[in-house]
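Structure first, commentary second.
Each value in this text was obtained by applying a stated rule to the coordinates, not by laboratory testing. Remember, it's a predicted structure, so these values are computed and weren't measured experimentally. Please note: Cβ atoms are built from the backbone with ideal geometry, for glycine as well, and neighbour counts cover all protein chains shown.
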Amino acid sequence: MEYVCVSFTVNPAEPGSEILASALSEENFESFVHNDTGFEAFIQQPLFNETILQNLSEQFPQIKFTHSIQKIKNQNWNEAWEKNFPPVVIENLCRIRAPFHPAPTPPLLDIIIEPKMSFGTGHHQTTWLMAKALFGLNLSNKSVLDVGCGTGILSIIAKKLGVQHVIGIDIDEWSIENSRENRKANGYHREAIDFYQGTINSIEKDTFDVMLANINKNILLKEISKYAAHLNPGGTLLISGFFDNDCPELIAAAEKTNLKNTDKALKNEWAMLSFQK
């Protein structure tokens, strides 16, 4: 799958970049990489239409921005990753690195991720928030479902924290292929972490102790009742992929499905919510 990268220069960069990224997240853009002058937004090539950018100018006339468009082929992403992305350290908990980076010094947990086109490197605020939240859970011998697993990063962290078995699902074939490669790079096999292409509708009668969904607000609102149905009583649901101002709507939707909000974390206006059934 080829992607389109739209590079934005925004004036002022904040909060303008966050506002524009929030709007683009409603238009099938999957990932955002922020920088000092704006941000880059990524979308699958078949879903991209320049009308989206024209509408953005009309919707937010108070935000001044310019943009450039670049097509990214699958084989180019590794080169970009190696050139531009340093390892990510999540406080004193873990270090997320590419295979060519040196291993961290204990006690940091070592996570190896080569993202290709899946955009789950830990650099984005939502991945960072979800990863950090996993360290606050008792995962020993628990079962986990990772919805929209991307690179498999959250599934791999969960397994390294003691989860008995993890299932990761994603609609993108490239994500599943990448997740399986990252599973192997971290020393696991299918018996420990099972990645396959699908959606929450692919899960039939299974229930889980912990569920993870780092997607976007619209999908979360649409599917949260299904997440609740597949969560064991007393189980934990972690969600991210949205902004702080989206939290009230998501909490209200979750409460209708017998999920109680137990925690909230923020990083640069992006949010993570935790629920218990």
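Things to note:
- Most mobile listed residue (Thr66, Thr126, Thr151) in the chain, GNM with C-alpha springs under 10 Å: Thr66
- From largest to smallest, the equivalent ellipsoid semi-axes obtained for segment 214-277 from the alpha-carbon gyration tensor read 18, 12, 10 Å.
- Highest-MSF residue in the chain out of Leu20, Leu154, Leu56 [GNM, Cα springs under 10 Å]: Leu56
- Remark: segment 269-277, residue by residue, has Karplus-estimated 3J(HN,Hα) of 6, 7, 10, 10, 10, 10, 10, 10, 8 Hz, where x stands for each Gly or Pro and the curve is 6.51 cos²θ - 1.76 cosθ + 1.60 at θ = phi - 60°.
- The mean of 1/r over all pairs of different alpha-carbon atoms in segment 122-276, once inverted, gives a Kirkwood hydrodynamic radius of 15.2 Å.
- Mean shadow area of segment 3-72, taken as a quarter of the surface of its Cα convex hull (nm²): 4.0
- Max mean-square fluctuation residue, GNM over the chain, Cα-Cα springs under 10 Å, options Gln125, Gln62, Gln45: Gln62
- With one equal scatterer per alpha carbon and no solvent term, the Debye-computed log10 I(q)/I(0) for the chain at 0.08, 0.17 1/Å reads -0.31, -1.47.
- Among 207-214, 135-142, sorting by the average number of other beta carbon atoms lying within 10 angstrom of each residue, highest first, gives 207-214, 135-142.
- ³J(HN,Hα), Karplus 6.51/-1.76/1.60, whole Hz, each residue of segment 97-110, x for Gly, Pro: 9, 7, x, 7, 7, x, 5, x, 7, x, x, 4, 5, 9
- Its Cα centre serving as origin, the chain has a Cβ charge dipole (Lys and Arg +1, Asp and Glu -1) of approximately 740 debye.
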